[in-house]
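Step one of this worksheet: look at the structure below.
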Amino acid sequence: MFVYVIGIIITIPVIATTTVYAGSKMLHNNKWKAFHAAVNWTTLLYIIAVIAMLKTIFESTFLSFILLMLLSLFTVIVVFHWKMYTEIVFNKIFKIFWRVCFLIFFLLYVLLIVIGTIIYIV
């Protein structure tokens, strides 16, 4: 049963991203708005999927490392935003942070799929 739950968690982000993108594209008729909606709504799923894949592939939890990385990333974005604009607007900062998280965890997701496939084959 545990394997099925992990399998569903791992495959949900791709299906959810595609579904949100298609639905938002039909609703707004704008590719960029649809892409941003898909990114905003599915980032958390990619984070959860990466945590599950790391646990499955390497049989160890990396939750503390991921939380530390996320806090460090947020701090770096706040400092850069403060240096560039001298005004901290948390809505903009969080939007940038969330999109960077999507990019990082999407790439980690793809990388872990490749690593998991190679380990399974070998």
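Considering only Tyr21, Tyr46, Tyr85, the mean-square fluctuation computed in a Gaussian network model of the chain, springs between alpha carbons under 10 angstrom, is largest for Tyr85. Computed with a 1.4 Å probe on the full set of protein chains, the accessible area for Val20 sits at about 40 Å².
Note on the chain: Cα-Cα pairs beyond 26 Å make up 32% of the total pair count.
Considering only protein heavy atoms, what per residue accessible area in square angstrom results for the chain with a 1.4 angstrom probe? Please report the intermediate quantities before stating the final value.
Working: 8740 Å² over 122 residues.
Using a 1.4 Å probe on heavy atoms only, each residue of the chain averages 72 Å².
The apolar share of the surface of the chain, taken as the fraction of accessible area on carbon and sulfur atoms (1.4 Å probe, ligands and nucleic acids excluded), comes to 76 percent. Taking label points 7 Å from Cα along the Cα-to-Cβ direction, Lys31 and Ile66 give a separation of 3.1 nm.
The values are calculated or read from the model by the stated rules, or taken from the named source; none is laboratory data. It should be emphasised that the depicted structure is a prediction, and the values quoted were computed from it without experimental measurement. Neighbour counts are summed over all protein chains in view; Cβ atoms, including those assigned to glycine, are modelled from backbone coordinates with ideal geometry. Side chains are part of the model used for accessible areas, which takes the heavy atoms of the whole protein and leaves out ligands, DNA and RNA. Shrake-Rupley method; radii C 1.70, N 1.55, O 1.52, S 1.80 Å.
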